[in-house]
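First comes the structure, then the notes that go with it.
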Amino acid sequence: MKKIFIPIGGGEIKNKTTAPIDGYICKLARERAEEGKRPYALFFPTASHDSNPYFNSFRKTYTSLFDVKADIAILTKGLMTVEHVEEKIDKADILYFGGGDTLFLMKVLSETGIKEKVLAAYRRGAILTGLSAGAICWFEDIYTDSFVEGEYMPYKGYGVFKGAATPHFNLRKEFVSVAKEQGYSLSYAIEDNAALLFEDGELKGALSSGGKAFTLDGEGTVTEIPLAEQ
């Protein structure tokens, strides 16, 4: 089974602005699930410090719109043990990481050991996806404002996928010059309501519910990524 990664650049799941992308993710999960099995999506609101209203918005899209069972993984606040979250990961068809504080998300996933559990699930066929912070943390380099809100800076990501990445590119056009200054040979710039589709680590194209996605080379050349076949 091919390994699928779908990083979403941004959008408001509460207002269903990413619904066409979410629908594609659910369609893929349904095709890959055991015959007759209802897909199961596990939502991590870690980057938003485990916001329950955020999960409610996720469930209203994934369950109410697309008939995928939605569940939540809470890694802070002492409400769930790591072992309980690991059990949920083991049965998940979709692993979705919400937006918020990118560096906080990475710190929690690393300190709890959940990062490795998630990557093991990705390798066995669970769809890895997320929005904004939950999308970019998996790349080698990231552009985020985790330390001071509104002050965007380059940081190191997990390095699971090659290249640098920024979400919300429609609001962060300066990333073009930042990427060139940092010497990034490959960068991904993903607008709100747009996503990338990777299969086995290879980019297959973009997904869109109104936004666009681009690659940047080391010279700062911006190239729009064509839509993936759906």
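The values are calculated or read from the model by the stated rules, or taken from the named source; none is laboratory data. Worth saying up front: this structure is predicted, and the values here are computed from it rather than measured. Ideal geometry is used to build each Cβ from the backbone, glycine not excepted, and the neighbour counts take in all protein chains shown.
Below is a table of values for the structure above.
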item	result
Hits in segment 13-51 - residues which are buried (at least 23 other Cβ atoms within 10 Å of the Cβ), assigned to a loop (DSSP other than H, G, I, E, B) and either among the small types (Gly, Ala, Ser) or in contact with a Lys or Arg (Cβ under 9 Å, 6 or more places away or on another chain) (or both)	Pro39
Subset of segment 89-100 (residues that are crowded, with 20+ Cβ neighbours inside 10 Å and not hydrophobic (A, V, I, L, M, F, W, C))	Asp93, Tyr96, Gly98, Gly99, Gly100
Residue list for segment 78-121, filter: of a type in the set (Ser, Thr, Tyr) and either assigned to a strand (DSSP E or B) or over 25 Å from Glu12 (Cα atoms) (or both)	Thr81, Tyr96, Ser110, Thr112
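Okay, residues lined up against (1) touching a His at 6+ places or on another chain (Cβ under 7 Å); (2) surrounded by fewer than 16 Cβ atoms within 10 Å (Cβ to Cβ); (3) within 23 Å of Ile25 (Cβ to Cβ); (4) modelled with pLDDT under 95:
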residue	(1), (2), (3), (4)
Ala70	no, no, yes, no
Lys77	no, yes, no, yes
Glu87	no, yes, yes, no
Lys107	no, yes, no, no
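Every residue, every condition in (1) at pLDDT 95 or above; (2) more than 16 Å from Ile4 (Cβ to Cβ); (3) under 14 Å from the mean Cα position of the chain (by Cα), yes or no:
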{"position": "Glu191", "(1), (2), (3)": "yes, yes, yes"}
{"position": "Ala194", "(1), (2), (3)": "yes, yes, yes"}
{"position": "Leu203", "(1), (2), (3)": "yes, no, no"}
{"position": "Leu216", "(1), (2), (3)": "yes, yes, no"}
{"position": "Val222", "(1), (2), (3)": "yes, yes, no"}
